[in-house]
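Okay, structure first, notes after.
The values are calculated or read from the model by the stated rules, or taken from the named source; none is laboratory data. Everything numeric in this text was worked out from a predicted model, so none of it was measured. Ideal geometry is used to build each Cβ from the backbone, glycine not excepted, and the neighbour counts take in all protein chains shown.
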Amino acid sequence: MAAPIGPYTPVVRAGDWIIVSGQLGLHEGSIVAGGVQAQTAQSIANLKLQLASVGASLSDVVKTLCFLTDLDTFATFNEAYVEGFGTHRPARSTIGVASLPAGGAVEIEAWAYLPSDRKSTAKTKPTAKTKLPASTKPARSVKASPTPTRTKKAPKKK
């Protein structure tokens with residue numbers, strides 16, 4: 001699994017939500033060869049590993065945010081995305097961007113919903129092979145902040 005290339009946590013649990021930071025098509029620190037098809041497949045493989053590290057799977061993903069440096073590759077991206085996600089269809093946004101870190105052509109962020117009282121629909125639990133490398137911080141829990149309360153403003157003096 002690729003270590004973060006910036007100052008961020010790759011996967012965070014916030015209550016029943018799991019947020020996976022954007023995953024590039026990185027393998028062993030380098031963008032994989034093979035263009036958008038291969039990078040999309042590797043991005044999804046990286047998502048799977050991040051999700052597995054907190055006991056979740058792709059079937060728990062409810063929303064993805066996808067970035068492409070060339071929207072002319074959208075059809076190729078879609079083919080690889082469908083292959084990676086199978087019949088599961090989370091809500092999705094796909095955005096064209098000027099560039100991505102490390103020279104990537106594809107980046108995929110994911111939001112998964114996994115109530116703490118429910119087991120993941122993943123068929124297998126994470127193994128030693130899916131553990132985060134020592135250089136990657138483990139997921140941290142974030143408590144959702146309460147809904148802010150509105151206070152009345154004092155009337156202005158004239």
* Structure fact -> When Ala33 is run through (1) of a type outside the set (Val, Ile, Thr); (2) at pLDDT 95 or above; (3) farther than 20 Å from Ala105 by Cβ, the failure sits at (3)
* Structure fact -> Over segment 13-39, the set of residues surrounded by fewer than 21 Cβ atoms within 10 Å (Cβ to Cβ), of a type in the set (A, V, I, L, M, F, W, C) and either within 10 Å of the chain's Cα centre (by Cα) or assigned to a helix (DSSP H, G or I) (or both) is Ile19, Ala38
* Which of the residues belonging to segment 1-11 are crowded, with 19+ Cβ neighbours inside 10 Å and closer than 21 Å to Lys63 by Cβ? -> Pro10, Val11
* Asked: Do any residues in segment 86-100 that are at pLDDT 95 or above have Cβ atoms under 9 Å from those of residues that are among the basic types (Lys, Arg), where the two are at least six apart or on different chains, and which pairs are they?
  -> Pro90/Lys63; Ala91/Lys63; Arg92/Lys63; Ser93/Lys63
* **Candidates Ala122, Ala134, Ala128, Ala139 - the one that is among the hydrophobic types (A, V, I, L, M, F, W, C), within 19 Å of Gln50 (Cα to Cα), under 16 Å from the mean Cα position of the chain (by Cα) and at pLDDT below 95** => Ala139
